[in-house]
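Scroll down for the structure; my scribbles are underneath it.
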Amino acid sequence: MDLGRRKFLQSSFFIGFAITTKKGWANRIPTLAVERRDLFLQGVASGDPTANSVILWTRRPPVKDSSAKRLIVEISTTPDFKIIYAGGKAQISADSDWTCRFLAPNLEPSHEYWYRFIDEHGFASRTGRTMTAPADNSDTPVRFTFVSCQCPNEAAMNAYRKMIFEDEARSRDQQLNFVLHLGDFIYEVTWYAEDNPDGNRGRRIRNLYKFPQGRKVSNFHLPVTLEDYRTLYRAYLEDPDLQDARARWPFVCIWDNHEFAWAGYQSQYVAGGGYNAPAQNQKVFANQAWWEFIPAMVQQPGNPTLEQFKAPKVVDTPMETFNDDGLSEEPNNLLAIHSLKIQRVLRWGKNVDLLLTDNWSFRSPDMSTDDFEVPEYPRVSPQIPFEIMNYGRHYNNDNPPDTIRFNGKDLPNPTKNVHAQTYLGSEQRRWFLDQLGASTARWKIWGHGFGTMEVRSDYQNLPGELGSKWPKDVGYAVLDNRFLRDKDIICDFIQDQKITGFCVVGGDRHAFHAGLVSKALPPKKYEPLGVEFIVGSVSQQTLFEVMEVTMKKDHPKRVLYLIDQPDGKVIPSINVTAMHGVNSTLKLKETGDMEQARAVRNPDVAPHLSLLDYGGHGYVLVTATSDQLSGEFVCIPRPLERSDSPDGGPLTYRVIHRTHLWKAGEDPKLEQQVLEGDPRYCI
Ligand SMILES: [Fe+2]
């Protein structure tokens, strides 16, 4: 299989966009304007830079008796706008919720630009700063941070404040090129303070917004209409730290689950409280709101104009059957999931190709694992049943067993004739492999919602009473492992094609992970094929926080997740359990000493992991040069309230992971260095 080395990377073709132009604008005297941030409440933003273009964004809604229909954009090479470099005009209207997208072409590579929007009354937005990518033949190092999972309604965006503070202190050539947002930019599920007087699992609810319509389920609310989804973005973008970040760097964004639905798939809405309903209309509304508020080089198939999103007419219709690929061909579902296509490739010189996928629109419905759960051990799945069901009819080279051994019984295999779980879908998977195979960049970086690395522990080795309820015939306890067949196909391709410089950057898990991509772990063959960094959330609750708030102090398995100390502090022993195995955790409980705990580690549990933190928040800074790639993990404390310090508040730790560009046939390796702070329970 020689997919695609000769194929060109898919580039975006933009036509019909409201574009700026140098002709007639260059060297013009800047427009006389008064900055009125109160008329541009969501600030400004830029997105998807290339070597010679970037998309600029703002929103200018009617405010009291001041409304505007036309905006002028000015682009300058200096923040004071003394010299105008380029400019243009655009119309805005209620049809796009007064949001505005400009494609600014004909810019210089690796350049910093400032931009602003001015309405017909001479009222200006705040000034934004943006940066183009290096030229395609450039060796310039590339620097970016990546983030995911933010909710200003229940926390503070201190991570962005720290990111800005640190970047301002760097010399120009060391500053970030862009910010990659891996999704959960918004959380559509919303708890109102009046329904939850004690907050949401210990978090203070700000009540930043109410859905104009909304749907109440249990003690939370879900969006229903387009206006409901727009309400979320409007409110989030009024956050001062998020808004300052969007005004400082171009953002590159993909969505995760919450931009549409808590736990949906395709156009099905699934949420807590047992809510599960077809939602083709909401999928279209979610896509439209994303398109309106996130400036990105994405087009709707069949809509080249892009000043307005064209929402297909759909009817909420149950999806009853799924094809071999787990896709429902119900026509309204297909219209809804194809109403916006966000998978794309962006390039930063010779060093970085950034491949971006949509991990939600094509995913198969979840399998039901009810018969194979071990409720005595929270948050984990028994490995062997989990794997059999995840592969469905493809298990064991398309020879799935009739029954699954579980707790001494042979239970019927419910997925013997069911498609394998997939998140990419076959069409997108093929597209991804084409792009990966065609990439000539040294580092092929996959911006991935949730990453590929497995996290597990050896509960089969638990002694005595602690292990008495873990089934003896199921192998490891899996904390996180997803979509095994997609992973197999991609790993096989990397191996067959001898692809080097493969790097996955992920979010979604609300936990920091650093490690190596591999198809399998011991006792199967462990073969590292790339490096992987997963970022903790900007602000959303971590598993450690949830367990600290919800797990009973006398829960018999508590030690595997949390260790209580005499001073009332709690060690996130779940990291140790998953990095080193259960004996390390028990030794830590006995001695309080990580050195002694590591001395009894089980090296088979996680040979691929270098760092795991189920309690941290923050961001990861990636630097890609011609021969080295690094991921610097910047971890901050739980951001319950906004820091009043200009640096965004304290740092928990800063740990860097480096790899050298490996040759075909060599294994990638990660070196770790603690730069600041104390990550002792995470490494
Ligand atoms: Fe999230």
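The values are calculated or read from the model by the stated rules, or taken from the named source; none is laboratory data. None of the values given here were measured: they were computed from a predicted structure. In this analysis, Cβ positions are derived from the backbone assuming ideal geometry, glycine residues included, and neighbour counts consider all displayed protein chains. In case anyone asks, the SASA skips ligands and DNA or RNA and just uses the protein heavy atoms, side chains included. Shrake-Rupley method; radii C 1.70, N 1.55, O 1.52, S 1.80 Å.
Output the 0 to 90 degree angle, nearest 10, between the alpha-carbon long axis of helix 582-591 and the longest principal axis computed from the alpha carbons of the chain.
Once rounded, the angle reads 90 degrees.
What is the Cα radius of gyration of the range 356-444 over 2.2 N^0.38 Å, N being its residue count?
Against the empirical 2.2 N^0.38 Å value, I get 1.37 for the range 356-444.
Per q in 0.28 Å⁻¹, report the Debye log10 I(q)/I(0) for the range 307-384, using one uniform scatterer on each alpha carbon and no solvent.
After summing over all Cα pairs, the log10 values are -1.32.
In whole angstrom, how long is each semi-axis of the equivalent ellipsoid of the range 110-268, when you take the square root of 5 times every eigenvalue of its Cα gyration tensor and sort them from largest down?
Here the semi-axes work out to 33, 18, 16 Å.
With axes computed from alpha carbons, what is the tilt in degrees of helix 425-438 against the longest principal axis of the chain, rounded to the nearest 10 within 0 to 90?
Compared with the principal axis, the helix lies near 70 degrees.
Mean residue ellipticity at 222 nm from the helices of the chain, using -39,500 (n - 2.57) per DSSP H segment of n ≥ 4 over the full residue count, to the nearest 500 deg cm²/dmol?
-5500 deg cm²/dmol
How far is helix 484-496 tilted, in degrees, relative to the longest principal axis of the Cα atoms in the chain, given as a value from 0 to 90 rounded to the nearest 10?
The helix 484-496 is inclined about 80 degrees to the chain.
Need the list of lysines near Lys569 for cross-linking: C-alpha distance under 24 angstrom, and skip anything on the same chain fewer than eight residues off.
Filter leaves Lys552, Lys553, Lys557, Lys587, Lys589.
Taking the Cα centre of the range 223-289 as origin, work out the dipole magnitude from +1 charges on Lys and Arg Cβ and -1 charges on Asp and Glu Cβ, in debye rounded to 20.
Value, rounded to 20: 200 debye.
Round to a whole angstrom and tell me the spacing of the C-alpha centers of the range 305-348 and the range 181-231.
First find each Cα centre; the distance between them is then 25 Å.
Could you tell me the largest-minus-smallest coordinate of the C-alpha atoms of the range 79-149 on each of the three principal axes, in descending order and whole angstroms?
That gives 44, 38, 20 Å along the principal axes, largest extent first.
So, by mean Cβ neighbours within 10 angstrom, what's the order for 665-677, 429-441, 577-589 with the highest one leading?
Packing order, densest peptide first, comes out as 577-589, 429-441, 665-677.
Over the residues of the chain, compute the C-alpha Rg and express it relative to 2.2 N^0.38 Å.
0.95
Can you compute the charge dipole magnitude of the chain about its Cα centre, using +1 on each Lys and Arg Cβ and -1 on each Asp and Glu Cβ, nothing else charged? Give it in debye, rounded to the nearest 20.
1260 debye
Summarise the accessible area of the chain (1.4 Å probe, protein heavy atoms) by the percent that is carbon and sulfur.
50 percent
Per residue, how much accessible area does the chain have with a 1.4 Å probe, in Å²?
Dividing the accessible area of the chain by its residue count gives 38 Å².
Hey, if you put +1 on the Cβ of every Lys and Arg and -1 on every Asp and Glu Cβ in the chain, which of Pro572, Leu611, Thr403 ends up farthest toward the positive end of that dipole?
Ranked along the dipole, the leading option is Leu611.
About the Cα centre of the range 318-423, how large is the charge dipole given +1 on each Lys and Arg Cβ and -1 on each Asp and Glu Cβ? Please answer in debye to the nearest 20.
600 debye
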